[in-house]
Amino acid sequence: MLWKDENDMRKLFISLRIVVVIACLWFAGMLPAGATDIWVDHWASENIDVYIMDDTLSYGTTSNSKRFKISTKMVQNGHLKEVVTWNFGKYESDMWRYQTNTMDRSHDTAVCPRNRVFEYGMNQIGWSYHIRDYWYY
């Protein structure tokens, strides 16, 4: 007989269970992370596809302002051209404005409709907006 007694057999099954649990944990660690890149726009003039890095969205409010930040991957001809971080902000009743890490930091720019990066962030946060006189409010 292969087993001396029932205790040897029980130890073997416990050992096998431990090995299976460790293997499952190891394989789970090899799975892709929950973060995904979401395609939101194609800029034909530059042949750029814009992908939102969905795990980079952060936002906040004060008594008189709102802001959010999100990063995008700019892909040209299937290759990553650059990562752009967008900082959107709104003060009181003013229009929404933005600044990116690729801009001159001495100013910001009004957000023009249809900015798909802006709209994605607003929809994910659940904030409302409307377009008036060619601007987002």
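The values are calculated or read from the model by the stated rules, or taken from the named source; none is laboratory data. Remember, it's a predicted structure, so these values are computed and weren't measured experimentally. Counting neighbours? That spans all protein chains shown, and the Cβs are built from the backbone with ideal geometry, glycine included. What goes into the accessible areas is simple: the full protein's heavy atoms, side chains included, and nothing from ligands, DNA or RNA. Shrake-Rupley method; radii C 1.70, N 1.55, O 1.52, S 1.80 Å.
Counting only residues that are open to solvent by less than 80 Å² (accessible area, probe 1.4 Å), on the phi < 0 side of the Ramachandran plot and in a loop (DSSP other than H, G, I, E, B), the stretch 45-57 holds 1 of them.
If you check 106, 93, 63 for being outside any strand (DSSP E or B), surrounded by fewer than 12 Cβ atoms within 10 Å (Cβ to Cβ) and at pLDDT 95 or above, only one passes: 63. The lone criterion from (1) touching a Gly at 6+ places or on another chain (Cβ under 9 Å); (2) free of Cβ contacts under 8 Å to residues at least 60 places away in the same chain left unmet by residue 57 is number (2). Screening residue 39 on (1) modelled with pLDDT under 95; (2) open to solvent by 90 Å² or more (accessible area, probe 1.4 Å) shows it passes everything except condition (1).
Yes/no per residue for (1) farther than 25 Å from residue 45 by Cβ; (2) of a type outside the set (A, V, I, L, M); (3) not in a loop (DSSP other than H, G, I, E, B):
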site: 59; (1), (2), (3): yes, yes, yes
site: 71; (1), (2), (3): no, yes, yes
site: 75; (1), (2), (3): no, no, yes
site: 84; (1), (2), (3): no, no, yes
site: 87; (1), (2), (3): no, yes, yes
site: 99; (1), (2), (3): no, yes, yes
site: 117; (1), (2), (3): no, no, yes
site: 121; (1), (2), (3): no, yes, yes
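A count restricted to the stretch 45-67 and to residues that are polar (S, T, N, Q) and either under 19 Å from residue 77 (Cα atoms) or in contact with a helix residue (DSSP H, G or I) (Cβ under 6 Å, 6 or more places away or on another chain) (or both) stands at 2.
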